[in-house]
1. Among (1) open to solvent by 10 Å² or more (accessible area, probe 1.4 Å); (2) on the phi > 0 side of the Ramachandran plot, where does Gly86 come up short?
2. Starting from residues that are outside any loop (DSSP other than H, G, I, E, B) and of a type in the set (Val, Ile, Thr), keep the ones in region 128-171 and report whichever is farthest from the chain's Cα centre (by Cα).
3. Residues being free of Cβ contacts under 8 Å to residues at least 60 places away in the same chain, in contact with an Asp or Glu (Cβ under 7 Å, 6 or more places away or on another chain) and hydroxyl-bearing (Ser, Thr, Tyr): count how many of those fall in region 1-58.
4. Please pick out the residue among Leu107, Leu114 that is within 18 Å of the chain's Cα centre (by Cα) and either open to solvent by less than 20 Å² (accessible area, probe 1.4 Å) or polar (S, T, N, Q) (or both).
5. Within region 94-103, is even one residue touching a residue at least 60 places away in the same chain (Cβ under 8 Å), in contact with a Phe, Trp or Tyr (Cβ under 6 Å, 6 or more places away or on another chain) and either open to solvent by less than 20 Å² (accessible area, probe 1.4 Å) or aromatic (Phe, Trp, Tyr) (or both)?
6. So in region 185-207, with the set limited to residues that are assigned to a loop (DSSP other than H, G, I, E, B) and touching a residue at least 24 places away in the same chain (Cβ under 8 Å), which one is least open to solvent (accessible area, probe 1.4 Å)?
7. Of (1) part of a helix (DSSP H, G or I); (2) out of contact with any Ser or Thr (no Cβ under 7 Å at 6 or more places or on another chain), Ala210 satisfies all except one. Which?
8. Might you check whether a residue that is at pLDDT 95 or above, part of a loop (DSSP other than H, G, I, E, B), under 19 Å from Phe29 (Cα atoms) and not small (Gly, Ala, Ser) occurs anywhere in region 92-103?
Amino acid sequence: MTGTAPTASRTLRPPPDYRLVASIRPITFSPYDPCARITGDTLWWAARTPIGPATLALQSTGGELRADGYGPGAGWMVEHADAIAGLHDDLTGFADLARSHPVVARLAAQHAGLRLPATGLVFPRVLRAVFEQKVTGKEAYRAYAATVRHFAEPAPGPVSLLLPPEPAAVAAAPYWVFHPFGVEQRRAETLRRAAAVADRLERSADSSTATRALLSINGIGPWTAAEVVRVAYGDADAVSVGDYHVPNTVAWALAGEARADDARMLELLEPFRGHRGRVCRLLEAAGIHAPRFGPRMPIRSFARY
């Protein structure tokens, strides 16, 4: 931990109905994320920016947002604070689309202050998304947190956060380094391949370019790519095809059907094209789930194998 005074600061003026915590929650991976923390009405987020490591503090106060940056990359963080907060989120046309379905219309009204963040940083989201492939949330978080702590580098600023690992360090680590964290060789190798081309991924000009670059990496499919670009670029149309729960959630909310496959999910979301990922985010924010039948997916430990 270095430095207690911000290196750069900025005041932002969000729309009157804006909700900071609801908007930036996708940036964090549980309340115990070693790289991010929400305390009251403030987000603390540590990242490696193109100009150096930094921590951003985003605080909602008096109808304004205060953005404070710490560390060598503070200027970059503060400059991009409005996008990170979701203030660049383009809702054009969504109100008309939402009115076409009573559930979506209701959720759009109830969560009118929710915006989609765009962090502008790809690899931190790749790190998390690869660990989330085909496992439970608890397994994924365990692997993510253990990896961040293995490569532990303190973030600048007044709070105790860690920076996400340097991509070069991840790429250089043999796959068995991740084994004690509950990560099998397939996901470890996928992460290492993505880390090796992290510079190219970060140079992607937009969500479409980044999606193509991600899909060119062996082990990354549509689900992982969508999870990444929805947060890194604020892509409101990114749908996580291949998810274990989302098709059922969409079908239950929009059609009263307890179970569905990806094809049915996409059919139901088609009227909202351009904002399909936004609809999924609204369902998540509302806590909507399809009925659960049978046993839950077991939590496993690949470290034993």
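1. (1)
2. Checked region 128-171; the qualifying residue farthest from the chain's Cα centre (by Cα) is Val170.
3. So the count comes out to 1.
4. None of the other options fit; the residue is Leu114.
5. No, that holds for no residue.
6. Per the criteria, the residue is Ser204.
7. It fails just one condition, (2).
8. The answer is no; no qualifying residue exists.
The values are calculated or read from the model by the stated rules, or taken from the named source; none is laboratory data. These numbers come from a predicted model, not from an experiment. FYI the Cβ positions are ideal-geometry reconstructions off the backbone, even for glycines, and counts take in every protein chain you see. SASA here: full protein model, heavy atoms, side chains in, ligands and nucleic acids out. Shrake-Rupley method; radii C 1.70, N 1.55, O 1.52, S 1.80 Å.
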